[in-house]
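Encoded as structure tokens, the structure appears first; notes follow it.
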Amino acid sequence: MKKELGDCCRLVAVSKFHPSGSIREAYRAGQRIFGENRAQELVAKYDELKDELKDVEWHFIGSLQSNKVKFLVPFVSLIQSVSSQKLLDEIEKQAAKIDRVVDILLEVHVAKEETKSGFSVNDVYQVVKTFIESGLYRHIRLRGLMTMATNTDDEQLIRHEFHSVSELFYRIKRDFALPDFDELSMGMSNDYPLAIAEGATLVRIGTSIFGEREYNVDSNKK
Ligand SMILES: *Cc1c(COP(=O)(O)O)cnc(C)c1O
């Protein structure tokens, strides 16, 4: 998988619903970035593996409840799925408490499914503007944007969605002097080639690496 991606982007191995043993195995094969979409599962896996796999970067990629932020902030490398002002405020509050700067991406909603979350393309620009001008977010480093395309076979539509987020990413990068705004996270098992063609710097891949998810297995067991 890694070889296939080449130098275009970094691979986030999405290990949700897979046991820690699968993470160890991928680690031994050289993988260092892992993505999880449930706070509890991420914390459990981190706790179990932290002494053993010291240089893992843990990314949070799911919908995040405000009351779970405090559990992630001490160790998470990147919260990719910041989808509300309320979450921004809570991350700032919790990160300030422990005097840590937390890297985040703003999630952009372009997909047709209402169940997917994120700011609209129109709102993101204003959120970034406020983020910068308010000067309030001194414990958050805004690293870029994340998105999920519609789950469809319509490649035109997927490409169009990735393209619109990519354009937004470059517009923000150009208009605001954000030194570390350099990550564009898009693409999953079924659409990552299209995401790479549109400039993704991070792809989030689960099924193509680990196989189908084991929804019935207690994911904290080895
Ligand atoms: C599960 C998930 C992925 C990985 O999906 P696959 O189809 O298994 O590659 C990527 N991004 C997010 C946000 C996810 O929740």
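The values are calculated or read from the model by the stated rules, or taken from the named source; none is laboratory data. Because the structure is predicted, anything quoted here is derived from the model rather than measured. Please note: Cβ atoms are built from the backbone with ideal geometry, for glycine as well, and neighbour counts cover all protein chains shown.
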Checked against (1) part of a strand (DSSP E or B); (2) within 19 Å of residue 209 (Cα to Cα), residue 79 satisfies every condition except (2)
Run down 211, 187, 135, 206 and say which single residue is under 15 Å from the mean Cα position of the chain (by Cα) and either free of Cβ contacts under 8 Å to residues at least 60 places away in the same chain or on the phi > 0 side of the Ramachandran plot (or both). 187
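Between 142, 184, 178, which is within 16 Å of the ligand (Cβ to nearest atom) and outside any helix (DSSP H, G or I)?
Values: 142 fails: within 16 Å of the ligand (Cβ to nearest atom); 178 fails: within 16 Å of the ligand (Cβ to nearest atom).
Answer to the check: 184.
Taking the stated definitions as given, is residue 34 within 12 Å of the chain's Cα centre (by Cα) and among the aromatic types (Phe, Trp, Tyr)? Full working, then the answer.
Details: within 12 Å of the chain's Cα centre (by Cα): yes; among the aromatic types (Phe, Trp, Tyr): yes.
Criteria met by residue 34.
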Contact list please: Cβ distance under 7 Å, first residue in segment 83-100 and within 30 Å of residue 111 (Cα to Cα), second residue of a type in the set (Asp, Glu) and surrounded by 17 or more Cβ atoms within 10 Å (Cβ to Cβ), pairs at least six apart or on different chains. 83/107
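Return the residues of segment 106-129 that are of a type in the set (S, T, N, Q) and in contact (Cβ under 8 Å) with a residue 24 or more places away in the chain; say none if nothing qualifies.
Initial filter on segment 106-129 (of a type in the set (S, T, N, Q)): 115, 117, 120, 122, 126.
Of everything in segment 106-129, just one residue is of a type in the set (S, T, N, Q) and in contact (Cβ under 8 Å) with a residue 24 or more places away in the chain, namely 117.
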For segment 1-27: of the residues being part of a helix (DSSP H, G or I) and among the basic types (Lys, Arg), which is nearest to residue 76 (Cα to Cα)? 24
Residue 8 fails exactly one of (1) more than 18 Å from residue 103 (Cα to Cα); (2) touching a helix residue (DSSP H, G or I) at 6+ places or on another chain (Cβ under 8 Å); (3) within 16 Å of the ligand (Cβ to nearest atom), namely (3)
What number goes with the only condition from (1) touching a helix residue (DSSP H, G or I) at 6+ places or on another chain (Cβ under 9 Å); (2) under 15 Å from residue 121 (Cα atoms); (3) away from the ligand (no atom under 16 Å from the Cβ) that residue 160 does not pass? (1)
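In the list 101, 128, 82, which residue meets the criterion of being within 18 Å of the chain's Cα centre (by Cα) and surrounded by fewer than 20 Cβ atoms within 10 Å (Cβ to Cβ)?
On the way: 128 fails: surrounded by fewer than 20 Cβ atoms within 10 Å (Cβ to Cβ); 82 fails: surrounded by fewer than 20 Cβ atoms within 10 Å (Cβ to Cβ).
After ruling out the rest, the residue left standing is 101.
Restricting attention to segment 9-23, which residues are out of contact with any strand residue (DSSP E or B) (no Cβ under 7 Å at 6 or more places or on another chain), surrounded by 15 or more Cβ atoms within 10 Å (Cβ to Cβ) and not polar (S, T, N, Q)? Break it down into steps so the answer makes sense when it comes.
First, pick out the residues of segment 9-23 that are out of contact with any strand residue (DSSP E or B) (no Cβ under 7 Å at 6 or more places or on another chain): 17-22.
Still in the list and also surrounded by 15 or more Cβ atoms within 10 Å (Cβ to Cβ): 17-20, 22.
Result: 17, 18, 19.
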If we ask which residues in segment 49-72 are farther than 22 Å from residue 11 by Cα and in contact with a helix residue (DSSP H, G or I) (Cβ under 8 Å, 6 or more places away or on another chain), their number turns out to be 6
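Looking at 35, 62, 30 in this structure, which one is within 12 Å of the ligand (Cβ to nearest atom), part of a loop (DSSP other than H, G, I, E, B) and touching a Lys or Arg at 6+ places or on another chain (Cβ under 8 Å)? Before you say what the answer is, go through the steps one by one.
On the way: 35 fails: part of a loop (DSSP other than H, G, I, E, B); 30 fails: within 12 Å of the ligand (Cβ to nearest atom).
Selected residue: 62, the only one of 35, 62, 30 that is within 12 Å of the ligand (Cβ to nearest atom), part of a loop (DSSP other than H, G, I, E, B) and touching a Lys or Arg at 6+ places or on another chain (Cβ under 8 Å).
Suppose we filter segment 98-122 for residues that are among the hydroxyl-bearing types (Ser, Thr, Tyr) and either under 18 Å from residue 58 (Cα atoms) or modelled with pLDDT under 95 (or both); how many remain? First the steps, then the outcome.
We begin by selecting, within segment 98-122, every residue among the hydroxyl-bearing types (Ser, Thr, Tyr); these are 115, 117, 120.
Among the residues that remain, those that are also either under 18 Å from residue 58 (Cα atoms) or modelled with pLDDT under 95 (or both) are: 115, 117.
The qualifying residues number 2.
Go over the candidates 145, 106, 168 one by one and state the one that is surrounded by 12 or more Cβ atoms within 10 Å (Cβ to Cβ) and more than 16 Å from the chain's Cα centre (by Cα).
On the way: 145 fails: more than 16 Å from the chain's Cα centre (by Cα); 106 fails: more than 16 Å from the chain's Cα centre (by Cα).
After ruling out the rest, the residue left standing is 168.
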Those residues that are within 14 Å of the ligand (Cβ to nearest atom), modelled with pLDDT of 90 or more and of a type in the set (Ser, Thr, Tyr), I need them from segment 196-218; list them, please. 207, 208
